[in-house]
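Scroll down for the structure; my scribbles are underneath it.
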Amino acid sequence: MILADKITALRRQRGWSQEELAGQLGVSRQAVSKWESASAIPDLERILKMSQIFEVSTDYLLKEELEQPEVAVTTGEEPDERLRSVSLEEANAFIEQKKRFALSQALSVAAYILCPVLLIFLAGYCELDNARISENGAMGIGLVVLLLMVGVATVVLILIDSRMEKYGYLKHGGFRLQYGVEGIVRKHQEEVSAFHRTCVAAGTFLCIMSAIPIFTVMGFVGENDFAGVIAVDVTLIMVATGVFLYVFAGEEWGACQILLHEGEFTPEEQSGKPIFKIYWCVVTALYLGVSFWTFQWHRTWLIWPCAGVLAGALRTILRIRREAQKRNAG
């Protein structure tokens, strides 16, 4: 139970209104309302006063794991003062910024997958007998659009990264949350969890089903190069849509995980991040190099799903290695 819920429950047990509690604490009714809605956290002086008014320990008020108003046995451990202390305002601002840039981030990532779609289409179209565009013209238009999409997406991601630079210490994990903040962040995470799960499920479904257009052409259309080109474009669009859903829903969810040190943002997982940054840079360079060298964009897209499978295998290997090191150290 978080601090906000405990204040509400204790006030109602005594039959007090928010205004009556505010009068005893020397604050406004709006302040109490904000505490109970988890949009603000009382300062230490108010918490000490509430512990006296409600006749409960400060441990009960501040420690979310304590469900009953009893004095808890303290361990004597003090928070590491070397770590930066993150307030509720900072945490809310970080989540809000991630939510604000989620759409731009998702569109930019999807643009990297969609960038060769027009080039592939025009390359197939110019091979038709009734085509009204030359091969050089098709390649020129397709490459211009491809470079524009990559350029705009890259600039957007750089701008987003610069805006989020002030929160860099959060990504590195060198912080601790102030009393009460963890519960509010966890509550926010629960509120967005249904939307996140739905988007991840839909994105996974689209990525799995993305091979169907190609298999359909292979099985029912036969030797039709232009139909194969359309199938590849549809596949890329489905994959890009799935990735868009992943990123769009994952930004706000990921912000909560960063603050809570959960998922891929645990200290153990963070230690492997540099490897994957290098890995995906190499994959991107390989994809662009092979694609521009061969101009077989309708085939080189296969590099991405293969790289995704290898990334999963690499992540698993690193996790097994870390667990083995822990066992040996123990």
Exercise for the section: Could you sort out which of 34/166; 99/171; 6/49 sit more than 18 Å apart by Cα distance in this structure? Expected result: 34/166
Exercise for the section: Using a Gaussian network model of the chain whose springs link C-alpha atoms within less than 10 Å, name the residue from 51, 104, 87 with the highest mean-square fluctuation. Expected result: 51
Practice task
Would you list the membrane-span-like helices of the chain, meaning whole DSSP H runs whose alpha-carbon atoms span at least 27 Å along their axis and whose mean Kyte-Doolittle value is at least -0.5?
Solution key: 135-163, 181-209, 225-260, 273-294, 303-329
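For the chain, what does the helix formula give at 222 nm: sum of -39500 (n - 2.57) over DSSP H segments with n ≥ 4, over the residue count, nearest 500 deg cm²/dmol?
Only helices count here, giving -23000 deg cm²/dmol.
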Problem - Mean Cα-pair separation over length for the chain, i.e. relative contact order, pairs under 8 Å, 6 or more apart, % - result: 19
Completion exercise
Per the charge dipole of the chain (beta-carbon charges, Lys/Arg positive, Asp/Glu negative, Cα centre), the residue among 256, 62, 111 reaching farthest to the positive end is 111
Problem - Rg over Rh [alpha-carbon atoms, Kirkwood Rh] for the chain - result: 1.12
Completion exercise
GNM on the chain, Cα springs under 10 Å; top mean-square fluctuation among 207, 256, 306 goes to 306
Practice task
Have a look at 41, 278, 237 and tell me which one the Gaussian network model of the chain (Cα, springs below 10 Å) gives the largest fluctuation.
Solution key: 278
Problem - Å² of accessible area per residue within the chain, as computed with a 1.4 Å probe and no ligands counted - result: 58
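If we sort 58-66, 14-22, 179-187 on the protection proxy, mean other Cβ atoms within 10 Å, highest first, what's the order?
179-187, 58-66, 14-22
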Handout entry: Whole-number Å³ per residue for the convex hull built on Cα positions in the stretch 178-219
Key = 48
Handout entry: Accessible carbon and sulfur surface of the stretch 107-166 relative to its total accessible area, %, 1.4 Å
Key = 65
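The values are calculated or read from the model by the stated rules, or taken from the named source; none is laboratory data. Everything numeric in this text was worked out from a predicted model, so none of it was measured. Methodologically, a virtual Cβ is constructed for each residue, glycine included, from the backbone with ideal geometry; neighbour enumeration extends over all protein chains shown. Calculation scope for accessible area: heavy atoms of the full protein, side chains included, ligands and nucleic acids excluded. Shrake-Rupley method; radii C 1.70, N 1.55, O 1.52, S 1.80 Å.
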